[in-house]
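The values are calculated or read from the model by the stated rules, or taken from the named source; none is laboratory data. This structure is a prediction, so every number in the text was calculated from the model and none was measured. With ideal geometry, Cβ positions are generated from the backbone for all residues, glycine too; neighbour counts draw on all protein chains shown. Please note that ligands, DNA and RNA were not included when accessible areas were found on the heavy atoms of the full protein model with its side chains. Shrake-Rupley method; radii C 1.70, N 1.55, O 1.52, S 1.80 Å.
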Amino acid sequence: MTAFSLSGQTALVTGANTGIGQAIAVAMGRAGAHVICAGRSACDETVGMIDSAEAMALDFADPMAARDLFETRPVDILVNNAGIIRRADSVDFAEVDWDDVMDVNLKALFFTAQAFARAALPRGAGRIVNIASLLSFQGGIRVPSYTASKHGVAGLTKILANEWAAQGINVNAIAPGYIATNNTEALRADPGRNQAILDRIPAGRWGDPDDIAETAVFLSAPASKYIHGAVLNVDGGWLAR
Ligand code: NAP
């Protein structure tokens, strides 16, 4: 087994039906893990792309939906990927768009991590990979609840690492740059915004979900065993600019 192998591990990925979550699930499978593809939409397509995988219904319309998930099911790696975004000028932003985004992106992420840790701490081993954002560091425009939630994801990644690192659980996050998925469809469809974004990315292209997926494998594998509380930018150089 190499330092980058996930052989013998079980990984659970939230929001595994599409986009970054689907790519992460497939990459985990390629690295040798058994993958539980969890989502509110059917994950059959993703399961069909992986040698050893299963689908699980998980809808964070209830942010506590995962509270009992790990009691009966040993899971070694949790990827908190599910996330939503709502766009409106801050001056007009609606309470429902605040609550919905905070519930999925932040509250569900925390309580899913808590449920995972309650099962993993007695075993003394586990990996959590949270999906953060460039808006864990920057302000963005017209996405106030998303920005608040993703700043929160960076903060939670650090506090959970502080509490659990000595007990064998690595908690880290990935901050994806601009990745071509449903989440960014509106940006790519706007020629002005699309060009402005491309002009600022040193790599000169939108990211691919696979760019994030291989990083998630690294943060779940023995190779990263001394990495705790990191929020790793995978952004084509955006934040270096
Ligand atoms: P996406 O294609 O819209 O995928 C989002 C995933 O979250 C989908 O599987 C979605 O399920 C799931 N989800 C949403 N609400 C849910 C709920 N209530 N319960 C369970 N699952 C739910 O977008 P993506 O770009 O792959 O996003 C994945 C993660 O990356 C998110 O956390 C996002 O904030 C983050 N991210 C993306 C980018 C980017 O440029 N694309 C950049 C930075 C961070 P449905 O398909 O059923 O809606």
Tell me, which residue of the range 174-187 that is of a type in the set (G, A, S) and over 26 Å from F110 (Cβ atoms) is farthest from the ligand (Cβ to nearest atom)?
A186
Just give me the residues in the range 116-132 being touching a strand residue (DSSP E or B) at 6+ places or on another chain (Cβ under 6 Å) and in a loop (DSSP other than H, G, I, E, B), in sequence order.
A132
Filter the range 72-115 down to residues that are assigned to a helix (DSSP H, G or I) and modelled with pLDDT under 95, then give me how many there are.
0
Touching a residue at least 12 places away in the same chain (Cβ under 8 Å), away from the ligand (no atom under 12 Å from the Cβ) and part of a strand (DSSP E or B): does that describe L69?
no
What number of residues in the range 75-102 are of a type in the set (D, E), buried (at least 19 other Cβ atoms within 10 Å of the Cβ) and within 16 Å of the ligand (Cβ to nearest atom)?
1
For the subset of the range 9-23 comprising residues that are assigned to a helix (DSSP H, G or I) and over 9 Å from the mean Cα position of the chain (by Cα), which member is surrounded by the fewest Cβ atoms within 10 Å (Cβ to Cβ)?
G19
Kindly state which helices (runs of 4 or more DSSP H) lie completely within the range 142-219 and contain at least 2 residues that are open to solvent by 40 Å² or more (accessible area, probe 1.4 Å) and among the basic types (K, R).
191-200
Has the range 159-173 got any residue that is of a type outside the set (S, T, Y), within 11 Å of the ligand (Cβ to nearest atom) and at negative phi?
yes
Take the range 1-34 and flag every residue that is within 22 Å of A180 (Cα to Cα) and of a type in the set (S, T, N, Q).
T14, N17, T18, Q22
